[in-house]
Amino acid sequence: MSETHSRSVLIADDEPLARQRISRLVEAMPGYHVCGEAADGHEVLKQIAALGPDLLLLDIRMPGMDGMDAAERIAQLDAPPAVIFCTAYDHYAIQAFDVHAIAYLLKPVRREALAEALSRAGRVNRVQLQSLSSRVEPADEQLAIRTHRGTELIDLNAIVCCQADQKYVTLHHAGGETVTDFTLKELESNHPSHFLRIHRQTLVGTRYIRGLIRQRDGQHAVELSGDLGQLPVSRRHTAQVRQWLEEQSASP
């Protein structure tokens, strides 16, 4: 099986030697390749956002955000990677399955046990992918946002709009609001299929745009789906929004 069709694996462990050993085991198995490594929970979340791995081999005892805390956040994603815990401690097993882990392997991890766990995770992932195949946008794209609570992963598809206020941008999403130091320009250029500029201070999630309406005062607004209301469109961006809507209606 070629690497383009193999399943990507992220390895998270604070011990470099442990990462190297597990990496060698994974790379020796046909159908899998290591796409990245992480040494703590915050790095795990960032790597998931950047790499979109199919599987995560996750240690529990790590500095800062540990593996269990990271797994709790990962489990909240629409399309999380399959999680396999690799740990020296057996007393976290019940918690592991509370965060939907596929397997719980004790160190030193045996090749046979890892192969079986990866195979099981692959079967689960295929079912997940089939259930997501009807979605317009891939559901496994996330932003990693560092907040006072730690690193949060936010699904791009869940973001309704992004509004700038002085130095910061507030993301309004299905889970509430999150403040980030990403600029609107960065969000717009990095995720052009997800966001459309409607105002100097506002981006709107494209999947939530229902239409463009003209208000009584002559100003325009984007009508949002799901009874989410309206967002004002500046005169400067009205033509761009109208063109985008025309392109969407013309596309098959």
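A simple charge model with +1 on the Cβ of Lys and Arg, -1 on the Cβ of Asp and Glu and nothing else charged puts the dipole of the chain at about 640 debye relative to its Cα centre.
Rounded to the nearest 500, what is the 222 nm mean residue ellipticity of the chain from helices alone, with -39500 (n - 2.57) per DSSP H run of 4+ residues and division by all residues?
On the way: 7 runs with 82 residues, N = 252.
Result for the chain, helices only: -10000 deg cm²/dmol.
Residues L51, L118, arranged from fewest to most other Cβ atoms within 10 angstrom of their Cβ, appear as L51, L118. Here is the P(r) of the chain: all C-alpha pair distances, binned every 10 Å from 0, give 7, 28, 28, 19, 12, 5, 1 in whole percents.
Taking amide H positions as modeled 1.01 Å from N, with prolines and chain starts lacking one, the residues under 5 Å from F195 and 5 or more places away or on another chain are T206.
Going by how many other Cβ atoms sit within 10 Å of their own, how do V233, V241 line up, fewest first? Walk me through the intermediate numbers first.
Values: V233 26, V241 22.
In order of increasing Cβ crowding within 10 Å: V241, V233.
Taking springs between alpha-carbon atoms closer than 10 angstrom, which of H191, H91, H33 fluctuates most in the Gaussian network model of the chain? Comparing H191, H91, H33 in a Gaussian network model of the chain, the most mobile one is H91. The GNM of the chain, with springs linking C-alpha atoms under 10 angstrom apart, assigns the highest mean-square fluctuation among A79, A12, A115 to A115. Evaluating 6.51 cos²θ - 1.76 cosθ + 1.60 at θ = phi - 60° for every residue in the stretch 174-186, the Karplus couplings come out as 4, x, x, 10, 9, 8, 9, 9, 4, 8, 4, 4, 5 Hz, glycine and proline recorded as x. Shape of the stretch 172-252 from its Cα gyration tensor (a ≥ b ≥ c, root eigenvalues): rounded if a/c is under 1.5, otherwise prolate when a/b > b/c, or oblate? Rounded, because the longest to shortest axis ratio a/c is under 1.5.
Laboratory data are not the source of any read-out in this text; all were calculated from the coordinates shown. Keep in mind it's a predicted model, so treat the numbers as computed, not measured. Don't worry about glycine lacking a Cβ; one is built from the backbone with ideal geometry, like all the others, and counts go over all protein chains shown.
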